[in-house]
Amino acid sequence: MQHVTLFELNKIIKQTLDKNLEPSYWLVAEIGEMRVNQKGHCYLDLVEKEENKIIAKSRASIWAYNYRTISSWFERVAGEPLKNGMNVLANVVVSFHEVYGFCLVIRDIDPNFTLGERARRRQEVIDQLKIDGVFTMNQALQLPLVPQRIAVISSASAAGYGDFMDQLSNNQHGYHFEVKLFQAVMQGEQAVESILNALTTIFNQNEKYDLVAILRGGGAQVDLDCYDTYDLAAHVAQFPLPILTGIGHDRDETITDLVAHTKLKTPTAVAEFLISGLRVFEDKLEQLFEQLHSQVRQRLEDDEHHLDKLAGELRHVVNKKLSRQQNKVDSLQHQLQSSSRAYLKFYNEKLTYWQKNLQLLDPALVLKRGYSLTVKNGKTISEQTELNSGDSITTYTEDFKIASTISKVDKNEQ
């Protein structure tokens, strides 16, 4: 049986490939794994997936003298370095070595293709959020008038969190904020799960807080990819409290920023936003107090004028009433004086009449007219006086006082 050695077979394979393949190919693939050795050579596993299942895989390499140029140019254009999970368009040469076997040698990578792929995936997430009807849900929530109870998702060691706390604690207005930190990994493969766990914890006690702040600060674009995932963006969009983000520099805008209630450039900007919100509220209160003071003062002035007018009208009515009553009093007083004079005249005349009658009855006048007056024991004798023989009586005339003793008493039958 005819046979060949392994070397001879590999040599045949190499010659066949060199004879039948193009000098190079533009290959679309995903970087499954990537590592750079001490000499600067980059070794990759390129894969193709279908429904997250690998259907093709090949080793690839970028030699050090090419890798420095390719990686630097790619990061400058794409805004992020080459990394695992990235779809790339690479110019490759198919290489087969008798000892090292099959390998793709990468001579160039087009960063514009990766930018387009990244933008496409990003747009797919945005479109899905809109289809699901959740894209603007968090933005529709109303910010509290005075947000002072803040739940913060960040890392305690992050400079951005420190800047945020310093800005809040040392604000020039002396506003007080209650801040609770929910620690999370803010970049890398564990970031999404860690941030979602923090959101879940806050959700279970959301009545304690006015809003949530997700703080990270700036960084490389690759560090912000976790904020473009559907899972994180969907949870942020549907969260029942308003969410503020400060996870990147001004040039960065992640999908999480887009669905959050308010996107701010940095953690410091988030703190300034909260402080300015309280300042606006305080200004409104001062304006309302000023308006209230002005309205009360105007109302008091109006009421004072109204009371002055009423007092004037009352004085006029009272004076008019008093004038009429005074006329009545004067008339009654005149009538009283007239009646009193008539009454006094009448009784004066009557008194004179009685005085004259009394004078006529004066015993002295009676005696002067020739009459006499007889008394017993100092009392005038009348029909009821008991008279007996031997009783002493006294008789008075105009000129005499006569003492007598009764010798006999007879009834006068006239």
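Residue-by-condition table, conditions (1) more than 22 Å from Ala233 (Cβ to Cβ); (2) surrounded by 18 or more Cβ atoms within 10 Å (Cβ to Cβ):
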site: Ala151; (1), (2): no, yes
site: Lys180; (1), (2): yes, no
site: Ala184; (1), (2): no, yes
site: Gly188; (1), (2): no, no
site: Val192; (1), (2): no, yes
site: Phe203; (1), (2): no, no
Open item on the list: Would you confirm, using the coordinates I've provided, whether Asp362 is open to solvent by less than 100 Å² (accessible area, probe 1.4 Å) and at pLDDT below 85?
Closed with: yes
How many residues of segment 95-124 are at pLDDT 85 or above, crowded, with 17+ Cβ neighbours inside 10 Å and in a helix (DSSP H, G or I)? The answer is 1
- Could you check, for segment 141-154, whether at least one of its residues is of a type in the set (Lys, Arg) and either at positive phi or at pLDDT 90 or above (or both)? yes
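Scan segment 50-65 for residues that are closer than 30 Å to Leu9 by Cβ and either open to solvent by 40 Å² or more (accessible area, probe 1.4 Å) or basic (Lys, Arg) (or both) and jot them down. Walk me through how you get there before you give the answer.
Step one: of segment 50-65, the residues closer than 30 Å to Leu9 by Cβ are 54-63.
Residues satisfying the conditions are Ile54, Ile55, Ala56, Lys57, Arg59, Trp63.
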| message | Just to be sure before I move on: is Lys263 over 27 Å from Gln238 (Cβ atoms) and at pLDDT 85 or above in the structure I sent? | response | no
How many residues of segment 1-50 are of a type in the set (Lys, Arg) and outside any helix (DSSP H, G or I)? The answer is 3
Going through segment 168-178 in order, the residues found to be assigned to a helix (DSSP H, G or I) and either surrounded by fewer than 18 Cβ atoms within 10 Å (Cβ to Cβ) or out of contact with any Leu (no Cβ under 9 Å at 6 or more places or on another chain) (or both) are Ser169
message = Can you say whether Asn20 is within 24 Å of Glu189 (Cβ to Cβ) and loosely packed, with under 14 Cβ neighbours inside 10 Å, as far as the supplied structure shows?
response = no
Among (1) under 23 Å from Thr201 (Cβ atoms); (2) open to solvent by 30 Å² or more (accessible area, probe 1.4 Å); (3) at pLDDT below 90, Gly160 falls short only on (2)
* Taking the stated definitions as given, is Gly85 more than 27 Å from Ile13 (Cβ to Cβ) and loosely packed, with under 15 Cβ neighbours inside 10 Å? -> yes
Here the residues within segment 18-39 that are touching a strand residue (DSSP E or B) at 6+ places or on another chain (Cβ under 6 Å) and farther than 16 Å from Ser58 by Cα are Leu21, Val36
Of the residues in segment 125-149, those that are over 33 Å from the mean Cα position of the chain (by Cα), of a type in the set (A, V, I, L, M, F, W, C) and loosely packed, with under 14 Cβ neighbours inside 10 Å come to Ile131
Expected output for segment 281-293 (first residue part of a helix (DSSP H, G or I), partner open to solvent by 100 Å² or more (accessible area, probe 1.4 Å), Cβ below 6 Å, 6+ apart or cross-chain) is Phe281/Leu145
From the option list Arg216, Arg251, single residue qualifying as crowded, with 22+ Cβ neighbours inside 10 Å, of a type in the set (D, E, K, R) and either out of contact with any Asp or Glu (no Cβ under 9 Å at 6 or more places or on another chain) or modelled with pLDDT under 95 (or both) is Arg216
Exactly one of Lys39, Lys19, Lys57, Lys83 is charged (D, E, K, R) and under 30 Å from Ala234 (Cβ atoms), and that residue is Lys83
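Among the residues of segment 390-414, write down those that are open to solvent by 80 Å² or more (accessible area, probe 1.4 Å), of a type in the set (S, T, N, Q) and over 24 Å from Leu360 (Cβ atoms).
Listed by number, the residues that qualify are Thr405, Ser407, Asn412.
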Meets criteria (more than 19 Å from Asp225 (Cβ to Cβ) and loosely packed, with under 15 Cβ neighbours inside 10 Å) for Leu46:
no
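The values are calculated or read from the model by the stated rules, or taken from the named source; none is laboratory data. Fair warning: this is a prediction, and the values are worked out from it, not measured in the lab. Counting neighbours? That spans all protein chains shown, and the Cβs are built from the backbone with ideal geometry, glycine included. Remember, those area values only see protein heavy atoms, side chains included, never the ligands or the DNA or RNA. Shrake-Rupley method; radii C 1.70, N 1.55, O 1.52, S 1.80 Å.
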